[in-house]
Amino acid sequence: MKNNLSNRINNLPVSATLAMAAKARELREQGKDIIGLSLGEPDFNTPEFVKEAAIQAINDNYNSYTPVDGYAELKDAVILKFKRDNNLEYTRDQIVVSTGAKQSIANVAMVLLNEGDECILPAPYWVSYAAIVQLAEGVPVEVRAGVEQNFKITPDQLRAAITPRTKMILFSSPNNPSGSVYSKNELEELAAVLKDHPQIVVVSDEIYEHINYGDGHASMASVNGMYDRTVTINGVSKAFAMTGWRVGYIGAPAWIARACNKMQGQITSGTNCIAQRAVITARCAIQLVPLVICPCI
């Protein structure tokens, strides 16, 4: 039969991260001693109290479809986390829980980008960013920052990259893959450029927030004037070693959160019920047992 696949899938690159991980598994099965540096897997296990919460959820017969945007109790736990860790105030209608932070990012790209809209990607960046933008029919615009800049773009570089078609900027801090962290002052300098371009939405991927050996974490949404135009991406994959549990979330302006809820309702619906119940326990308990969760905190 003739290849009748869509241009969308034919033009979509294979995830380089997952391809490298698959190759590493293949070599291990051949008996080779391989150190995999592709997937962002923490070097500790999911905390026992989180696993126990999942077991309890099973015993309590949590087995039904969940709300598309997450259990109310989990939203409340996420709201608590944002307030406690990032000094950000959100309400339930601003939170959407998804099947991993990758889906959270994809949701945002799908609801914001039209064909030909540009998304600035400070480079180096996680390989899936460009593919997600392309899948949403947007145009990835790389802005490269080398080692001499500690892999962080400057305000002048950002200003030069903005065009009338720029709709979004997507970046991670701490950065995947470089590990570089934007300071509060550096975010303020970038925000000063963005304030002249109110059409641009900032998507701040903070999934590595607690895998940070530097001077602490700053959120773009906490910068003066940026809260109403920033989507903060986070989850439990890294800080709680729950990569396979697949739970991510956003804090966003309500109009973006509503759109993501609508999009997700036609793709995956709600996130796994057992994982959500476990994350409620994890997110609410981090202030009590930080050393159990992440040795670097």
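The values are calculated or read from the model by the stated rules, or taken from the named source; none is laboratory data. Please read these numbers as outputs of a predicted model, since none were measured by experiment. Because the Cβ atoms are built from the backbone with ideal geometry, glycine has one as well, and the counts that use them run over all protein chains shown. SASA here: full protein model, heavy atoms, side chains in, ligands and nucleic acids out. Shrake-Rupley method; radii C 1.70, N 1.55, O 1.52, S 1.80 Å.
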> Name the residues in segment 101-124 that are in a loop (DSSP other than H, G, I, E, B), surrounded by fewer than 22 Cβ atoms within 10 Å (Cβ to Cβ) and of a type outside the set (Asp, Glu), would you?
Replying inline: ASN114, GLY116, PRO124
>> Condition first: closer than 26 Å to PRO174 by Cα and either open to solvent by less than 50 Å² (accessible area, probe 1.4 Å) or in a helix (DSSP H, G or I) (or both). Now tell me which residues in segment 35-51 satisfy that.
In response: GLY36, SER38, GLY40, PRO42, PHE44, THR46, PRO47, VAL50
>> I need every pair where a residue in segment 230-257 that is without any contact (Cβ under 8 Å) to a residue 60 or more places away in the chain has its Cβ under 7 Å from the Cβ of a residue that is part of a strand (DSSP E or B), sequence separation at least 6 or different chains.
In response: THR230/VAL202; THR230/SER204
> For segment 155-177, which residues satisfy the criterion of being assigned to a loop (DSSP other than H, G, I, E, B), in contact (Cβ under 8 Å) with a residue 24 or more places away in the chain and more than 16 Å from LYS195 (Cβ to Cβ)?
Replying inline: THR163, ARG165, SER173, PRO174, ASN175, ASN176, PRO177
> Quick check: anything in segment 88-100 assigned to a loop (DSSP other than H, G, I, E, B), open to solvent by less than 30 Å² (accessible area, probe 1.4 Å), at pLDDT 95 or above and at negative phi?
Replying inline: yes
> Mind checking whether some residue in segment 138-145 is hydrophobic (A, V, I, L, M, F, W, C), within 20 Å of ALA275 (Cα to Cα) and surrounded by fewer than 20 Cβ atoms within 10 Å (Cβ to Cβ)?
Replying inline: no
> Hey, among the residues in segment 164-198 that are open to solvent by 30 Å² or more (accessible area, probe 1.4 Å), polar (S, T, N, Q) and out of contact with any helix residue (DSSP H, G or I) (no Cβ under 9 Å at 6 or more places or on another chain), which one's farthest from LEU39 (Cα to Cα)?
Replying inline: ASN185
> Just one of the numbered conditions (1) open to solvent by less than 70 Å² (accessible area, probe 1.4 Å); (2) in contact (Cβ under 8 Å) with a residue 60 or more places away in the chain; (3) out of contact with any His (no Cβ under 8 Å at 6 or more places or on another chain); (4) not hydrophobic (A, V, I, L, M, F, W, C) is not true of ASP76; which one?
Replying inline: (2)
